[in-house]
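Comments concern the structure below.
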Amino acid sequence: MKNTHQSSFLDLQFILIALFVSCFASAQFQNKNPNLPNNFLDKVQFGGGLGLSLGNGYTDISISPSAIYNVNQYFSAGLGVQYTYAKLKNSYTSNLYGGSVITLFNPLPEIQLSAELEQLRVNVTGVPSNNFTENFWNTALFLGAGYRSSNATIGIRYNVLYKENNLAYNTAFMPFVRFYF
């Protein structure tokens, strides 16, 4: 029997990837004059985010490089990879790695709204007094808002797929710092 959650997630991934590819494809065909240089790479930015979450014996440090394509001054879409180290004192340590699809919307130059679909492989190991090992896939859908100044954005994002007692993230809210150059 097919898992409906996995099927829905795969459908959503396919749709997001198709939309992302169509943005790149349409950008490639906008330049109808063959004498003009292609400006595709002029609209690509590289950067990513750094994350830090601390509280009550919990530490979460993440790095997520990515590349985005600026469709226009308001909308960007891109792909990224991520690595996260997380530790809950006297309980577990974990390493998370995977990829994401991100969209950014800037209704005003200083305001950035984001949606990010993330798929991570999670490896969790309990501390000696709490001996266990778990390896699984985790899906997150973050909706975020931040203050943008030049190439940097600082803000907070919320995982709408968060479940209590989730070993991938300790909380649904996560602050972020994102840079694109």
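All of the numbers you see were taken from the coordinates with simple rules; none came from a lab. Given the structure is predicted, the values throughout are model-derived calculations rather than measurements. Cβ sites come from the backbone with ideal geometry, for glycine too, and all protein chains shown count toward neighbours.
Once you charge only the Cβ atoms, +1 for Lys and Arg and -1 for Asp and Glu, what is the size of the charge dipole of the stretch 63-153 about its Cα centre, to the nearest 20 debye?
For this selection, approximately 200 debye.
Rounded to whole Å, give me the distance from the Cα center of the stretch 110-177 to that of the stretch 44-62.
9
Tally Lys and Arg at +1 and Asp and Glu at -1 over the other residues with C-beta under 9 Å from the C-beta of A140: what net charge comes out?
Once all neighbours under 9 Å are counted, the net charge is -2.
Among the trypsin sites (Lys or Arg not before Pro) within the stretch 102-176, which fall in a DSSP loop and have no more than 16 other Cβ atoms within 10 Å of their own Cβ?
K163
Calculate, for L161 and N39, the FRET efficiency according to 1/(1 + (r/R0)^6) with r their C-beta to C-beta distance and R0 35 Å; round to the nearest 0.05.
0.45
Please give the length that would be gained between F173 and R121 if that part of the chain were fully extended, namely 0.36 nm times their separation in residues minus their C-alpha to C-alpha distance (nm, one decimal).
16.7 nm
With the Cα gyration tensor of the stretch 92-181 in hand, give its eigenvalues times 5 under a square root as the equivalent ellipsoid semi-axes, listed largest first in whole angstrom.
For the stretch 92-181, the semi-axes come out at 30, 12, 12 Å.
What net charge do the residues around Y92 carry, taking every other residue with its C-beta under 15 Å from that of Y92, with Lys and Arg at +1 and Asp and Glu at -1?
Here the charged neighbours net out to 0.
Tell me which residues come under 5 Å, amide H to amide H, from F75 once H is placed; ignore anything under 5 positions away on its chain.
N106
Summing Lys, Arg as +1 and Asp, Glu as -1, what charge do residues with Cβ under 15 Å from the Cβ of A152 carry, A152 excluded?
+1
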